[in-house]
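Okay, so here's the structure we're looking at.
The values are calculated or read from the model by the stated rules, or taken from the named source; none is laboratory data. The shown structure was predicted, so the numbers you read here are calculated from the model rather than taken from an experiment. Positions of Cβ are generated from backbone atoms using ideal geometry, with glycine treated the same way; all protein chains shown enter the neighbour counts. Heads up: the accessible areas ignore ligands, DNA and RNA and are worked out on the full protein's heavy atoms, side chains in. Shrake-Rupley method; radii C 1.70, N 1.55, O 1.52, S 1.80 Å.
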Amino acid sequence: MALTDIRARIARAEAAAGRPAGSVTLIAVSKTQPPDRVDDVLAQGQRVFGENYVQEAQARWTDRRAAHPGVALHMIGPLQSNKARLAAGFFDAIHSLDRPSLARRLAQVGDDTGALPTLFVQVNTGAEPQKAGVLPDEVDGFVAECRRSGLTLAGAMCIPPDAADPVPHFRLLRSIAERNGLPGLSMGMSADFETAIAEGATHVRVGSAIFGARQATGELPS
Ligand SMILES: *Cc1c(COP(=O)(O)O)cnc(C)c1O
């Protein structure tokens, strides 16, 4: 089965990198997947899932999470500031902290409601204009600003440019994370998660290799 295969590949990659078994968290990216595939992967014991859209995640996971103790939901898609409160109350982790206004909103929501999801700073390692994320040169200042506003940061996340060799991007993210005291590295997707593990990933975000190709959904709101 696909999930069993991915888990075995993660275990081999951990071992090959001399890293302890279980040191990498597999985030099964269920965005836009049909419900029966999600239920199948849940039935196989997977408990950590990634979603890109707040409303889609709520629709899919409110009942499933109640029925399956231990489910953890990670927001991996761009997050609008006006959805920060909703997202912080719903997700266990947010991987797309990518700008000061969102950091301020999340700090405020934490103060108001006590919601404190695990936070990863998204870094635009390829400095791609169309892509979200803090520019590599601006991460140190951004991290300092987040900490001043009271946020605790767990790690850094990147999505390397399409068709590029991901290794330089994984290494850049790792060096940025290390110098900022960020222990988590959210990097690696279906095509390159083993490479990411070799480069130190603590969280890999794997969708299509587990669930199969995503359905074309058109434009979904985040
Ligand atoms: C969709 C998505 C993934 C999963 O991509 P696959 O190539 O299907 O594994 C991982 N990370 C982010 C941020 C995504 O949007």
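Over the chain, DSSP H runs of length four or greater, each weighted -39,500 (n - 2.57), average out per residue to a 222 nm ellipticity of -12500 deg cm²/dmol. In this simple spin-label model, placing a label point 7 Å from the Cα along the Cα-to-Cβ direction at both ARG171 and ALA72 gives a separation of 3.0 nm.
Indicate the gyration tensor shape class of region 2-211 (rounded, prolate or oblate), computed on the Cα atoms with a ≥ b ≥ c the square roots of the eigenvalues: a/c under 1.5 is rounded; otherwise a/b larger than b/c is prolate and the rest oblate. In terms of gyration-tensor shape, oblate. Separation of region 106-120 from region 6-24 is 32 Å, based on Cα centroids.
Accessible area per residue for region 1-77, computed on protein heavy atoms with a 1.4 Å probe, is 44 Å². As a calculated quantity, the FRET efficiency between ALA16 and GLU128 at R0 = 45 Å, using C-beta atoms, amounts to about 0.90. Summing Cβ point charges (Lys, Arg +1; Asp, Glu -1) relative to the Cα centre of region 2-211 gives a dipole of roughly 340 debye.
Projecting the Cα atoms of GLY18, GLY126, VAL167 onto the charge dipole of region 2-211, computed from C-beta unit charges around the Cα centre, puts GLY18 farthest toward the positive end.
How many percent of the accessible area of region 2-211 is carbon or sulfur, using a 1.4 Å probe? Let's see the in-between values first.
Details: 4610 of 8830 Å².
Looking at region 2-211 in its full context, I get 52 percent from C and S.
Residue-wise HN-Hα couplings along region 128-137, as the Karplus relation 6.51 cos²θ - 1.76 cosθ + 1.60 with θ = phi - 60° gives them from phi, are 7, x, 7, 9, 6, x, 6, 5, x, 5 Hz; Gly and Pro carry x.
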